[in-house]
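Just below is one structure, and these are the notes that go with it.
The values are calculated or read from the model by the stated rules, or taken from the named source; none is laboratory data. Quick caveat, the model's predicted, so the values are computed rather than measured. Positions of Cβ are generated from backbone atoms using ideal geometry, with glycine treated the same way; all protein chains shown enter the neighbour counts.
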Amino acid sequence: MGLKQKIIIGHFTDGKSERKLVKEFKLHRKTVHRYVAEHKALLAERTVTGDIPDGGIIEPPKYRSQGRAKRALTEEVAARIDHYLQLNADRREQGLHKQQMKRCDIHEALLDEGYQIGYTTVCNYVRDRLSRGAEAFIRQDPVPGQSVEFDWGEVKLKIDGKFQKFMLAVFTSAYSNFRYARLYDRQDMGSVLDAHVRFLTTARGVAGEFVYDNMRTAVAKLARRNSDKEPTEALAKLAAYYGFRIRFCNVRRGNEKGNVERSVEYVRRKAFSATIAMADLAAANDHLEQTCVRLNGRRAKGKGVSIVTEMNAERAVMKALPGRPYDTAEVSFRRVDKYGCVQVGNNHYSVPDDQVGQLVQVLVYVEDLWITERGGARRHLAYHKRERTQHQWLIQLDHFLPTLRKKPGALLGSRAWKTAAPALRAFHEDYFVDRTRAFIDLLLWARDEQIGLDQLDSAAAKMLSVRPHLPVDPDAIKATVRADLARTRDAVKGQGAGLVTPPSTASFAPASSPSSAAINDHADAQLAALQNLFFTPSNTPL
């Protein structure tokens, strides 16, 4: 029951005076008198006309909300708010859209100027002013194979229990709404080029134009008019290679590429709203690729066919791809420092130690980098996976073996040894713990002969099983590895000629080949001679 109803019932039914009702409800006497007078007038009017509803004629109180003079929002205050709104418009024209005043800032400024006005009043006035003359947009009807839109987004995923931020590159065809997306560690030029090459390979055709906003990796010279904007050199080379045009949107006009603006949010939500924990970036990209395939398999809105079918219609009118994908490497020349490393970004990557002081060529890709000699031959020097973190030293031990042979005492305390493979450290601990120079000589021989660590470890284990009380000799390891390789090569050769059946575990040598038998006998004799070097009279069995 409302307050007005209680007053009317108390006066007309219970016979309470207006003075008593004022004291009871703690209201102003004019309010109580107005409620009673209004009810008397309404009762008299309804009694004459006979229009009395079943629920009674008590109506809720009415207040005059329109036509009242504005006491706080005066013309002077409105003029000050308009001043701040115009200031925001000027900031947008200057490209300072992130330094505009919000409504709360305008309210605080008015209070500082001495005006007494509420925050809600300011918000209502600003909303009314901004809604006047709202912009109308013209819906476009894209042509197949005409336009592809590109944009970036951000995704946070949990890798190894920790949240990491990744950049989401998204492509959307304006006609078919075909979507392609991929995650990257960084939003640099290499990532842009790699994303384009991967999308074009997936699309199997080149659209007439690609649409971009004013990102740094796309626009080299920003201007007010789109015709005055210049693309970056790398993007211009990519466009020339594939033969597509570049179109830039106006500043703060995301509607000019509205398909991809929506696709960034759509793909991110469909791929990573339910699943955010991933093993690594590669696993996240696999999951993202499967999500895009599933989304593209859905029926296109307003059409009776799938998005993939619409994309196939676009491929029929797209330009053909070049014979090979575009090389996205960022090529630079770096000087090798005294530690045998080149600096790329904030990380250091090792090269062979004979290149110290030399100028080398570095080819940087999204996930890895290659280092070659500078000059005509361009001999390959090193390969590294790119490091995502900063200020790291990526050092390969085999790059410094010649220097370590001269300075074997520097091995165990070096960063190269601390970051070496655990299997290599275990091999040293098991067989060469106090013989570092011999260990380095063996590694040099294995590198030159292209022998794997597993082969060295297997040979060392054989030697230790034969002579467990003596140190493993590097020459014996080499002889064992050579013998194993001779048996394996001869067995493979025999199988390739169709001479024998696959070898059994008893012997790797074909029994019908005299030359193979001679090779094996020679290898066994060499191994036996090396093993006999360790015999002493006390070790000879009785």
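Table for the structure above
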quantity: Spans of helices (runs of 4 or more DSSP H) in the stretch 437-541 with at least 3 residues out of contact with any Phe, Trp or Tyr (no Cβ under 6 Å at 6 or more places or on another chain) and at pLDDT below 50; calculated: 514-532
quantity: Members of the stretch 158-181 that are within 19 Å of the chain's Cα centre (by Cα) and farther than 18 Å from Ala274 by Cα; calculated: Met167, Ala169, Val170, Phe171, Thr172, Arg179, Tyr180
quantity: Which numbered condition Ala220 fails, given (1) out of contact with any Leu (no Cβ under 6 Å at 6 or more places or on another chain); (2) touching a residue at least 24 places away in the same chain (Cβ under 8 Å); (3) aliphatic (A, V, I, L, M); calculated: (2)
quantity: Close pairs (6 angstrom Cβ cut-off, 6 or more residues apart or separate chains): in a strand (DSSP E or B) in the stretch 228-240, surrounded by fewer than 17 Cβ atoms within 10 Å (Cβ to Cβ) anywhere; calculated: Glu230/Ala220; Glu230/Lys221
quantity: Some residue of the stretch 383-403 being farther than 20 Å from Leu359 by Cα and among the β-branched types (Val, Ile, Thr); calculated: yes
quantity: Single match in Val192, Val170 (criterion: touching a residue at least 40 places away in the same chain (Cβ under 8 Å) and in a strand (DSSP E or B)); calculated: Val170
quantity: Identity of the residue in the stretch 397-435, in contact (Cβ under 8 Å) with a residue 24 or more places away in the chain and closer than 22 Å to Ser465 by Cα, that ends up surrounded by the most Cβ atoms within 10 Å (Cβ to Cβ); calculated: Tyr431
quantity: Failed item in (1) assigned to a loop (DSSP other than H, G, I, E, B); (2) farther than 19 Å from Phe244 by Cα; (3) in contact with a helix residue (DSSP H, G or I) (Cβ under 8 Å, 6 or more places away or on another chain), with Leu157 passing the rest; calculated: (1)
